[in-house]
Structures are given as C-alpha cells and as structure tokens.
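To start, the structure itself, in structure tokens.
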Amino acid sequence: MKFILTTYIGCLLAFGAMAQIIPAPGSIQQGHGFFKLDGNTKLVAGDEASRRNLGLFSQLILERFKVKLSIIPKATGRYLEITQTEVNGPEGYSLEVNENRISIKGSSKGAFYALQSLLQMIDGNNGQIASCTITDKPGFGYRGVMIDAARHFITLPEMKKIINLMANYKLNRLQWHLTDDQGWRVEIKKYPKLTQIGAFRDSAIIGHYGDFKPLIYDGQRSGGFYTQADIKEIVAYAADRKITIIPEIELPGHSTAALAAYPELGCKDTIYNVPGYWGVHPNIYCPKEETFRFLEDVLTEVMALFPGEFIHIGGDEVPKDHWKVSPVAQALIKQHHLKDEHELQGYFVTRIEKFLNKHGRRLIGWDEILEGGVAPSATIMSWHGDRGGINGAKAGHDVIMTPNNYFYADRYQAKDKNTEPTALGGFISLEKVYGYNPRPDALTAQEQQHILGVQTNMWTEYVTSNNKLEYMLFPRMLAVAEIAWSNKEQKDYDDFSAKRLPVHLQELERRGVFFRIPEAKITFGTNPANGRRTAAIIPFVANSTVYYTIDNHKADQTGNVYNGAIDLPWAGNAPLQLNYIIVTPGGRASNMFTVDLPK
Ligand code: ACM
C-alpha cells in the first residue's frame with residue numbers, strides 16, 4: 001500500500017468514500033482526519049469468531065493491496081480492533097474510526113458487516129479511511145438471493161464468487177434452487193439415479209422459448225451436480241460469510257428430472273426424459289405412500305447437509321392434469337374428504353411440512369401453496385407481485401417478498417429487447433428495482449411484522465454463462481441489498497446510483513464481475529454564459545469515459561469524448577438525440593443509449 005500524504009483533498013476523498021457505502025448505513029457522523037490502513041496496522045481480536053472475521057478481512061486486503069496484516073490478541077500501535085458484544089441487535093454494529101484506531105463493536109455477524117462497510121470505505125482511496133462513527137443495523141433479517149442451479153448448472157467457484165459478493169452487500173440468505181424439471185443437482189446417497197440420470201439432459205433449446213416453432217435443439221448433452229462434499233464445502237464457506245443457504249427441493253411439481261430417474265413416483269405408467277425446454281411441465285409426483293417415503297428420505301439427507309432453519313419445498317406451478325386422471329390421487333381426495341386437486345396439494349404440502357417441523361425445520365413455499373390450504377406456520381414466498389405476500393401475511397403467515405415485477409433478475413434491463421442478451425421477458429430497470437416498497441400499504445403495521453424480508457430471484461433458463469449470470473444480477477442486486485438493509489427514509493435513487501454506485505462498479509470490474517453497464521444520469525440545464533441548453537452525463541461507473549454524438553448518428557468510440565456539460569446546438573424544432581456509450585476503466589463498452597434532446 002502506498003504512503004499517502006495527508007492533504008485537504010485526501011480528506012475530502014476519504015469522506016466521499018465514507019458516504020459511498022451500499023447498503024446505506026443507519027447513521028454516519030463525520031470526524032476529523034483519517035486512519036491510514038497500511039502494513040503497520042495491527043488487527044486485534046480477543047476471541048475466535050473475531051479472529052475468523054479478521055482472517056477473511058486480511059485475505060481481502062492482501063488480494064487488493066498486496067499487504068499482509070497480522071492478527072494479534074492485544075491492542076498496540078495503530079490498530080483495528082473488534083470487540084464482540086451485541087450492539088444494535090443481532091446483526092448491528094458500531095464502527096468508530098479516528099487517526100489512531102478503528103474500533104468495531106458487534107456480534108460476530110455485526111462485526112463482519114462492519115468490516116464490509118470498512119472495505120467499501122477503502123475502495124478507491126488507497127487505504128485511507130475517513131474518521132467517523134457509524135451505527136448500523138438491518139431493516140430486515142432475511143436478505144436473500146436465489147440462484148437457480150437446475151436450469152443451468154452453476155459451478156462451485158461461481159457459487160463462491162456470488163456468495164462473496166452477497167456478503168459484501170450484507171445479504172444473508174442464499175436460496176439454492178437445486179431441483180427442477182430440467183435437472184436434479186444434489187447428490188442423494190439413497191437414490192443415486194437422481195444424479196446419474198436426473199442431472200443430465202441430452203439437448204436443450206437454443207434461443208428464447210418463444211423464438212422458434214418447432215423448437216430448435218443444440219444437440220449438446222449437458223448438466224452436472226453437487227456431491228455432498230461439495231455442498232458441505234459451500235455451506236461452510238457461506239456460513240463463514242454469515243450467509244445461510246436454504247436448499248430448494250421442488251415438490252409436487254417441477255419434478256420431471258426426478259421422475260426421469262424414478263418413474264414409479266409419477267402417476268403415469270410411462271418413461272420420463274429430462275427435458276431441454278422451459279415452461280411449466282405437467283409431470284408431477286403422484287401422492288403415493290412410496291412418494292412420501294422417497295421425499296422424506298431425500299429431505300432427511302438434505303437436512304443433514306443444510307443446518308439452517310428453513311427448507312424451501314417449491315410448490316409453484318403445479319398442473320393437476322395427472323392427478324385428475326390418477327386413481328391414486330382421486331382415492332386420496334375421497335379418503336381425506338378433500339374438495340379437489342388443489343386441496344390435495346394442500347394435503348401434500350402439509351404432510352411434508354409436518355415432517356420438516358418434526359425435525360425442527362420450517363417450511364418455505366412459493367405463494368401457490370396458499371391455494372390448497374396450508375398451516376399458518378408455513379412461510380410464504382411471494383412471487384406473484386405482492387399478492388402472495390399480502391394474502392399470506394393477512395392469513396398469519398410469515399412472508400418473504402420476491403415480486404416478479406421488481407425482483408426477478410431474469411427480466412430484461414432495457415425496454416428495447418434487441419439491445420440486450422436473451423432474457424425471460426419484461427423490463428425491470430435498476431431504478432424500478434430500487435423503487436420497490438417491501439411493506440405494502442395493503443397491510444396493517446401488525447401484518448407487516450410478518451414480512452421477514454426480500455429476495456432477488458435469478459432463474460437461469462437463459463443464463464448459459466457466468467458472465468450472463470453476473471450481467472443479470474448486477475447492479476440490480478445492489479438495489480435489492482439496499483432495500484433489504486437500509487431505512488426507508490434513507491432511500492434516494494440519485495444518491496444510490498449517481499453518487500455511491502460508481503465506485504462500486506469500478507471495484508466490481510476490478511474483481512472481474514461482469515455487471516451490466518447502466519444508463520447514465522442525464523440532466524439538462526442552461527449555460528448562463530451563452531444562454532444555451534446544456535446536457536450533463538453522469539455515468540454510474542467511476543473513471544469511465546463517455547463518448548457521445550448529438551447529430552442523431554451512432555455513438556461509439558469515434559464519438560466526442562465527454563468532459564463536462566455539453567452546450568447543445570440551437571436546433572429550433574429539429575428532433576435531435578443525444579447518443580452515448582460508456583467505456584469502463586477496464587475497457588468494456590456499454591450499449592449505445594439514446595435520449596431525446598429538449599427543443
Ligand atoms: C416461480 O417463478 N415459478 C416461483
């Protein structure tokens with residue numbers, strides 16, 4: 001780390017850095033001067049949890065600055081010290097920085113989050129950390145990301161990369177979508193065919209599901225799965241970073257891959273193949289005793305791998321066609337005096353819930369589980385907008401908000417789909433994500449107590465590379481993190497996007513994260529010197545270069561280099577457009593963006 005002279009500018013830079021934290025902390029008070037983190041800084045911890053936290057911190061400092069910091073038990077010299085004591089709740093912390101020391105107080109989780117804030121304050125500042133006092137705690141206890149590893153297998157290193165990034169932004173729940181029609185991804189010792197057969201498909205469609213009729217297949221066998229050793233490794237890796245993994249084992253629908261391995265668990269006397277196309281599939285588990293035994297066995301192995309309290313059982317999109325014509329299903333409806341197949345699903349899910357509860361676990365299901373009747377102890381994951389969350393909370397369920405119209409990361413990031421890589425559909429801008437209100441007005445204050453938190457869902461039908469996974473998640477995941485953590489009163493999109501995000505995106509690029517380069521903030525004004533209209537372009541990646549045109553022609557790197565507000569031409573009523581691209585410090589070029597110029 002280079003030695004930096006204390007200058008007025010240096011302090012200003014450092015203070016800017018303090019205010020750049022995402023998600024925004026509860027309160028920051030500015031002090032005087034700054035602490036310089038360098039090779040002489042000692043890391044002080046008196047207990048094992050703090051040592052582990054500092055161990056991870058020092059690894060990151062080593063990666064970033066090539067400086068190895070040592071961890072010692074007693075304070076001396078200039079130091080960073082963690083005192084493990086609960087401050088501001090189970091995940092809250094206080095962080096005090098002055099010229100001689102950094103003092104962190106919090107539980108093991110709280111202290112971990114303090115270190116994430118600290119790392120962000122260092123970004124772009126060569127180790128200078130502005131003197132300040134921060135007190136902080138999360139708005140929600142559940143701050144999640146879902147990764148669908150079933151539609152496309154996500155490798156262990158990529159899972160770890162996402163886990164690290166989640167931790168940096170104080171996200172603490174990773175829902176791992178491990179089974180679906182198109183793949184079964186978790187090794188189950190008692191049922192080896194689940195991965196021998198269910199983890200691979202012979203071919204998958206190219207393009208969007210709606211692109212070609214008939215569908216066109218790539219002819220490539222693909223798939224993969226996690227061994228139980230892999231799972232244990234990831235669970236421990238996540239736990240070190242204060243993230244609990246919630247496994248999702250889909251039932252009774254989205255189960256074709258399992259039925260391909262064990263067709264006797266279906267209602268039809270047929271063979272099933274692991275499909276290579278998307279959409280809702282009719283193949284669902286048959287409610288036989290044999291199926292419940294199988295699911296209980298599977299869940300027993302799953303519970304042994306995942307120690308967290310929640311197990312997600314899916315429960316979404318269950319076509320009842322097979323049950324309608326199944327003597328087994330119809331007999332069960334009669335036997336239990338159920339009204340129809342929906343109530344049969346309620347019976348199915350409730351039976352699984354009782355099994356999980358008996359083993360000390362809690363069930364989460366997608367909001368459709370409300371339709372067939374389910375005990376109030378079940379937690380509802382609202383994906384049909386707010387609807388499931390509102391209905392669930394009113395009926396006394398805990399709920400997690402993952403509205404598909406705000407938090408689905410598989411949606412396009414631009415209105416013009418032709419400018420973006422294939423996505424599922426829709427258009428959810430960064431600003432729209434940021435604008436989500438996780439506490440719907442339709443709920444009373446008391447009902448709102450049931451909202452455990454929020455989650456972004458990364459479905460991967462169209463995610464065929466790690467770059468694309470990151471492109472779809474970032475930067476929108478950062479907006480979700482802020483909604484999950486920060487106070488409603490602090491919400492300010494301009495501050496988030498134009499003031500704080502730029503340093504983050506530069507840092508994410510340095511770390512090899514393939515985020516989407518967002519549209520810049522454009523403001524129009526008037527130049528007092530000549531009365532001409534002006535346009536200012538504020539990109540959301542620090543130290544990027546903007547190239548533009550104002551003659552309605554394409555902007556690329558042959559365009560004008562932006563270096564301050566542009567004086568616009570006197571164009572009368574001519575419809576002129578500002579076209580621009582953003583080129584990051586790492587050399588990635590954005591899409592070309594277009595804004596109509598005021599007449
Ligand atoms: C879902 O998007 N089917 C939960």
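The values are calculated or read from the model by the stated rules, or taken from the named source; none is laboratory data. The model shown is predicted, which means the values in this text are computed figures rather than measured ones. Because the Cβ atoms are built from the backbone with ideal geometry, glycine has one as well, and the counts that use them run over all protein chains shown. Just the protein is used for accessible areas: all its heavy atoms, side chains included, with ligands, DNA and RNA removed. Shrake-Rupley method; radii C 1.70, N 1.55, O 1.52, S 1.80 Å.
Remarks
- Selection within the range 413-435: residues that are farther than 23 Å from PHE140 by Cβ and within 16 Å of the ligand (Cβ to nearest atom). The member of this set that is most open to solvent (accessible area, probe 1.4 Å) is LEU424.
- Of all residues in the range 350-400, those that are in a strand (DSSP E or B) and either surrounded by fewer than 21 Cβ atoms within 10 Å (Cβ to Cβ) or more than 13 Å from the ligand (Cβ to nearest atom) (or both) total 4.
- Filter result (small (Gly, Ala, Ser) and either open to solvent by 70 Å² or more (accessible area, probe 1.4 Å) or under 16 Å from the mean Cα position of the chain (by Cα) (or both)) within the range 436-452: ALA445
- Any chance LYS488 is touching a residue at least 24 places away in the same chain (Cβ under 8 Å), closer than 22 Å to TYR209 by Cβ and more than 16 Å from the ligand (Cβ to nearest atom): no
- Within the range 176-194, the set of residues being closer than 16 Å to ILE231 by Cβ and either open to solvent by less than 10 Å² (accessible area, probe 1.4 Å) or touching a Cys at 6+ places or on another chain (Cβ under 8 Å) (or both) comprises TRP176, HIS177, LEU178, THR179, GLY183, TRP184, ARG185, VAL186, ILE188, LEU194.
- Annotation note: Cβ proximity below 7 Å between a residue of the range 316-338 that is closer than 18 Å to GLU290 by Cβ and a residue that is among the hydrophobic types (A, V, I, L, M, F, W, C) and within 16 Å of the ligand (Cβ to nearest atom) (sequence gap 6+ or interchain) occurs for HIS322/ILE284.
- Residue check for ALA409: of a type in the set (Gly, Ala, Ser), within 16 Å of the chain's Cα centre (by Cα) and within 16 Å of the ligand (Cβ to nearest atom): yes
- Matching residues in the range 331-349 - criterion: being of a type outside the set (Ser, Thr, Tyr) and surrounded by 14 or more Cβ atoms within 10 Å (Cβ to Cβ): LEU332, ILE333, LEU338, GLU341, HIS342, GLU343, LEU344, GLN345, GLY346, PHE348, VAL349
- Leading residue by the ranking (nearest to the chain's Cα centre (by Cα)) among those in the range 514-566 that are farther than 16 Å from ASN579 by Cα and free of Cβ contacts under 8 Å to residues at least 24 places away in the same chain: THR526
- Restricting attention to the range 324-339, the residues that are assigned to a helix (DSSP H, G or I) and either more than 20 Å from PRO282 (Cβ to Cβ) or among the β-branched types (Val, Ile, Thr) (or both) add up to 5.
- Scope the range 278-299; condition in contact (Cβ under 8 Å) with a residue 24 or more places away in the chain, out of contact with any Gly (no Cβ under 8 Å at 6 or more places or on another chain) and more than 16 Å from the ligand (Cβ to nearest atom); matching residues: PRO287, LYS288, GLU290, THR291, PHE292, PHE294, LEU295, GLU296, ASP297, VAL298, LEU299
For every residue, the table says whether it meets (1) in a strand (DSSP E or B); (2) at pLDDT 95 or above; (3) closer than 27 Å to TRP485 by Cβ.
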| site | (1), (2), (3) |
| --- | --- |
| THR6 | no, no, no |
| LEU43 | yes, yes, yes |
| SER58 | no, yes, yes |
| ILE82 | yes, yes, yes |
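- Counting only residues that are in a strand (DSSP E or B) and not hydroxyl-bearing (Ser, Thr, Tyr), the range 107-153 holds 12 of them.
- Per-region count, the range 156-166, residues under 14 Å from LEU56 (Cα atoms) and either within 10 Å of the chain's Cα centre (by Cα) or buried (at least 21 other Cβ atoms within 10 Å of the Cβ) (or both): 2
- Just so you know, in the range 246-273 the residues that are open to solvent by less than 10 Å² (accessible area, probe 1.4 Å), outside any helix (DSSP H, G or I) and among the aliphatic types (A, V, I, L, M) include one that is nearest to PRO319 (Cα to Cα), and it is LEU251.
- The residue that is farthest from PRO138 (Cα to Cα), counting only those in the range 453-469 that are more than 16 Å from the ligand (Cβ to nearest atom) and surrounded by 22 or more Cβ atoms within 10 Å (Cβ to Cβ), is LEU469.
- Subset tally (residues that are outside any helix (DSSP H, G or I) and over 26 Å from TYR277 (Cβ atoms)) for the range 426-446: 11
- The listed residues are ARG510, ARG516, and the only one of them that is open to solvent by 20 Å² or more (accessible area, probe 1.4 Å), of a type in the set (D, E, K, R) and over 21 Å from ILE134 (Cα atoms) turns out to be ARG510.
- Only residues that are in a loop (DSSP other than H, G, I, E, B) and open to solvent by 10 Å² or more (accessible area, probe 1.4 Å) were counted across the range 279-295, and they come to 5.
- Residues that are aromatic (Phe, Trp, Tyr) and either crowded, with 23+ Cβ neighbours inside 10 Å or in contact with a Lys or Arg (Cβ under 8 Å, 6 or more places away or on another chain) (or both), drawn from the range 470-501: TYR471, PHE474, TRP485, PHE496
- So ARG173, is it at pLDDT 95 or above, open to solvent by less than 10 Å² (accessible area, probe 1.4 Å) and either of a type in the set (A, V, I, L, M) or touching a Gly at 6+ places or on another chain (Cβ under 7 Å) (or both): no
- GLU187 meets the conditions (1) within 16 Å of THR464 (Cβ to Cβ); (2) under 26 Å from the mean Cα position of the chain (by Cα) in every case but one. The failed one is (1).
- Residue selected from the range 312-330 under the condition within 16 Å of the ligand (Cβ to nearest atom) and aliphatic (A, V, I, L, M), by the criterion most open to solvent (accessible area, probe 1.4 Å): VAL318
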